[in-house]
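Have a look at the structure below, then the notes.
The values are calculated or read from the model by the stated rules, or taken from the named source; none is laboratory data. Bear in mind the structure is a predicted one, so any value in this text is a computation, not a measurement. So basically every Cβ, Gly included, is an ideal-geometry build from the backbone, and we count neighbours across all protein chains shown.
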Amino acid sequence: MAQDTIQAELEGQRENRRSFRYFARRFRRDKRAMVGLVIIIIFVLCALLGEWAAPYQSDAQDYELLAPPTLGHPLGTDNVGRDVLSRIIVGARISMVVGLSTVILAAIVGIVLGVAAGYYGGWMDMIVMRLIDILWAFPNFILAVMLVAIFGLGLTNVIVAIALAYIDDFARVIRGMVLMLKEEDFVTAGRAMGSSDTRLMFKHIFPNAMPPVIVQASVFVAAAILAEAGLTFLGLGVSPLTPTWASILNDARPFFTSAWWLATFPGLVIMLIVLAVNFVGDAIRDINDVREYGPGVTS
Amino acid sequence: MQRYLIRRFIFSIFAIWATMTVTFVFMRLLPGDPITTMAGPEGDPAQIELIKQRLGLEEPVWVQYFLYIKSMATLELGDSIYRRLPVTDQILEALPRTLSLSAVSFAAGVLIGIPAGIISAIRRYSIWDHVATLIAFLGLAMPGFWLGILLIIVVGVQLGWLPVFGYSPISDGLWPWFSKLILPALATGTGFGAILARQTRSAMLEVLSQDYIRTAYAKGMRERVVIIRHALRNGLIPVVTVMGIALAILLNGAVITENVFAIRGLGRLFIESILGRDYPVVQGVILLVACIFIFMNFFVDILYAVINPRIRYTD
């Protein structure tokens, strides 16, 4: 009982700044963040609705090949007469799935590694950190290329490869936070009151380590979407047959100079979604005032 | 400091060894093998035997590993499986291209990013700040290959201002070398420049709010002197950390940009050899990249201590 009261009091001191309402109020006032949120919602809807939202079937072919944008085909058609807008809408699914599942995967593994290293320290820290140092010795994208080459093409393989290749940043951030937090008075207090390691970790350390993790996660989503696009562009992507934003660009390579819309729109949507994710991530960082990370900085 | 350096050096060697071991394991895990690729799926057994011998693949794995580490340590990287050229020659041929590309990209990023960040900070919330911030955000969000494509179409093809494909060695003259690198360097360096601009801006803002800056202004110093002599010196310290990952960003970028602009550099060599299961070439490229990378980080740490004397590496 006494323990709970003290804990409630300890948490109450931060309640104001940490409450969702405080967050939502600050977030709504940030114009860039709201623009980003709207863009993300639009693309998530595209991903969910897929063919339903598209004006044409994504693989339906029109007689008009390489037609510039018109009312019928707002973003033009490609070299076999498929509607570019429909393909972009359907292609949203892969980008969203890649962005979301890589970040979940990387967050889980990164949190386990980071917490294990930071909280238990000692030889555990030594082993985890050396592993991470090795990963760190590879530029992330080059590592992702290697991993896809090993695993083979396909959605799952691309997701796992990107998550593994970019995980080092995550684990480092979490370890750093845990190292810092475990020396805090409220953790010592919790320990003195006999809280178990698990309770300390999940009740005290973890919630406080969240803001930088969320910021890192937004950086990660942006990097993952760009990485998927890059891999697809190199021919190491999801599958040549699934329309993704990067594969629409890649398929159009021979027609770039004659059909500007094929070179422009698929790249533009990749840029838009990454921009939106960065806007939202920046806003979260500003609200929580996590200083040490620049936007989109990942090796 | 000395002890720290020695420890760091030993760790660097360890990291390179670990990297090479991981690479060895990776290469054996890669689906497909060079033998079937070279001899065909129903190849002549005698020929297969010959290939195996030439590649040392008939030995047990641990012997292969031992020989591999030995050859890496002595820098005898062997021959490419397909082109039958020494790996060292291929790397030495590709290296200047990637280094040139990285150097020009780095210069582009620094020359655009740092001044933009400084202006953003000292004229905070001015039109310049807004424009620079917007461009930085766009630069971060643009896929490098897409920017490359746009540059090729607009500057190269429509306007016809610059050559868009290939590479000329610097011995062919400075301008042919440089002109072919401008567009690829912009495609690679823009993201890096954007990161630098953002980092410089926030670091400078932090410094500009310090008391000693106010004191400097109060003494009646001109703004230019305050900025250059007082603010920049401390403001650029965090920027140096970003420089540490510059190489990674530029190398990641080079893999894609070299593909877009048809430059036969390390990135192209790496992708081609990894797709073709050309073990010796992949191993060689990775050894080189890991070495450059690990020692670059080492160097940045030292540089960090030199710039900021408050940082003392202990232990």
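So is B:G189 more than 14 Å from every other protein chain (Cβ to nearest Cβ) and either basic (K, R) or within 19 Å of the chain's Cα centre (by Cα) (or both) or not?
Yes: the conditions hold for B:G189.
Within the range B:120-142, take every residue that is among the hydroxyl-bearing types (S, T, Y) and surrounded by fewer than 23 Cβ atoms within 10 Å (Cβ to Cβ) and give me the one that is farthest from A:I40 (Cα to Cα).
So the residue we want is B:S126.
What's the number of the only condition in (1) buried (at least 20 other Cβ atoms within 10 Å of the Cβ); (2) aromatic (F, W, Y); (3) modelled with pLDDT under 80 that A:F206 fails to meet?
Of (1) buried (at least 20 other Cβ atoms within 10 Å of the Cβ); (2) aromatic (F, W, Y); (3) modelled with pLDDT under 80, only one is false for A:F206: (1).
I want to confirm something. Restricting to the range A:254-272 and keeping residues that are facing another protein chain (nearest Cβ under 8 Å) and either within 19 Å of B:L134 (Cβ to Cβ) or surrounded by fewer than 22 Cβ atoms within 10 Å (Cβ to Cβ) (or both), which single residue is farthest from the chain's Cα centre (by Cα)?
Looking at residues that are facing another protein chain (nearest Cβ under 8 Å) and either within 19 Å of B:L134 (Cβ to Cβ) or surrounded by fewer than 22 Cβ atoms within 10 Å (Cβ to Cβ) (or both), I get A:T257.
Could you grab me the full set of residues in the range B:240-259 that are surrounded by fewer than 24 Cβ atoms within 10 Å (Cβ to Cβ), of a type in the set (V, I, T), in contact (Cβ under 8 Å) with a residue 40 or more places away in the chain and at the interface with chain A (Cβ under 10 Å from one of its Cβ atoms)?
B:T241, B:V242
Say whether the condition of being of a type outside the set (D, E, K, R) and away from chain B (no Cβ under 14 Å) is met by at least one residue in the range A:227-234.
No: zero hits.
Can you tell me which residue within the range B:122-162, out of those that are outside any helix (DSSP H, G or I) and closer than 23 Å to B:V207 by Cβ, is farthest from the other protein chains (Cβ to nearest Cβ)?
B:R123
Residues that are crowded, with 17+ Cβ neighbours inside 10 Å, outside any helix (DSSP H, G or I) and modelled with pLDDT of 85 or more: does the range A:226-243 have at least one?
yes
For the list (1) without any contact (Cβ under 8 Å) to a residue 60 or more places away in the chain; (2) within 28 Å of A:T198 (Cβ to Cβ); (3) crowded, with 18+ Cβ neighbours inside 10 Å, I need the number of the one condition that A:I108 fails.
Failed condition: (3).
With respect to A:D282, is the statement that it is surrounded by fewer than 20 Cβ atoms within 10 Å (Cβ to Cβ) and within 12 Å of chain B (Cβ to nearest Cβ) true?
Here the answer is no, as A:D282 does not meet what is asked.
Given the criteria in a helix (DSSP H, G or I), of a type in the set (D, E, K, R) and either under 30 Å from A:W261 (Cβ atoms) or modelled with pLDDT under 85 (or both), does B:R201 qualify?
Details: in a helix (DSSP H, G or I): yes; of a type in the set (D, E, K, R): yes; either under 30 Å from A:W261 (Cβ atoms) or modelled with pLDDT under 85 (or both): no.
The answer is no for B:R201.
Considering only residues of the range B:192-235 that are within 14 Å of another protein chain (Cβ to nearest Cβ) and aliphatic (A, V, I, L, M), which is surrounded by the fewest Cβ atoms within 10 Å (Cβ to Cβ)?
So, considering only residues that are within 14 Å of another protein chain (Cβ to nearest Cβ) and aliphatic (A, V, I, L, M), the one surrounded by the fewest Cβ atoms within 10 Å (Cβ to Cβ) is B:L205.
Could you please find all residues in the range B:253-292 being touching a helix residue (DSSP H, G or I) at 6+ places or on another chain (Cβ under 7 Å), closer than 22 Å to B:S168 by Cα and not aliphatic (A, V, I, L, M)?
Within the range B:253-292, B:G253, B:T257, B:E258, B:N259, B:F261, B:R264, B:G265, B:G267, B:R268, B:F270 qualify.
Considering only residues that are more than 11 Å from chain B (Cβ to nearest Cβ) and buried (at least 23 other Cβ atoms within 10 Å of the Cβ), which ones fall in the range A:116-158?
A:A117, A:G118, A:V158
The conditions are (1) away from chain B (no Cβ under 14 Å); (2) surrounded by fewer than 20 Cβ atoms within 10 Å (Cβ to Cβ), and A:T77 fails exactly one of them. Which is it?
Here A:T77 clears every test but (2).
When you look at A:L10, is it over 24 Å from the mean Cα position of the chain (by Cα), in a helix (DSSP H, G or I) and either at pLDDT 85 or above or surrounded by 12 or more Cβ atoms within 10 Å (Cβ to Cβ) (or both), yes or no?
yes
Can you tell me which residue is nearest to A:F170 (Cα to Cα) among those in the range A:118-142 that are touching a residue at least 60 places away in the same chain (Cβ under 8 Å) and more than 22 Å from the chain's Cα centre (by Cα)?
A:G118
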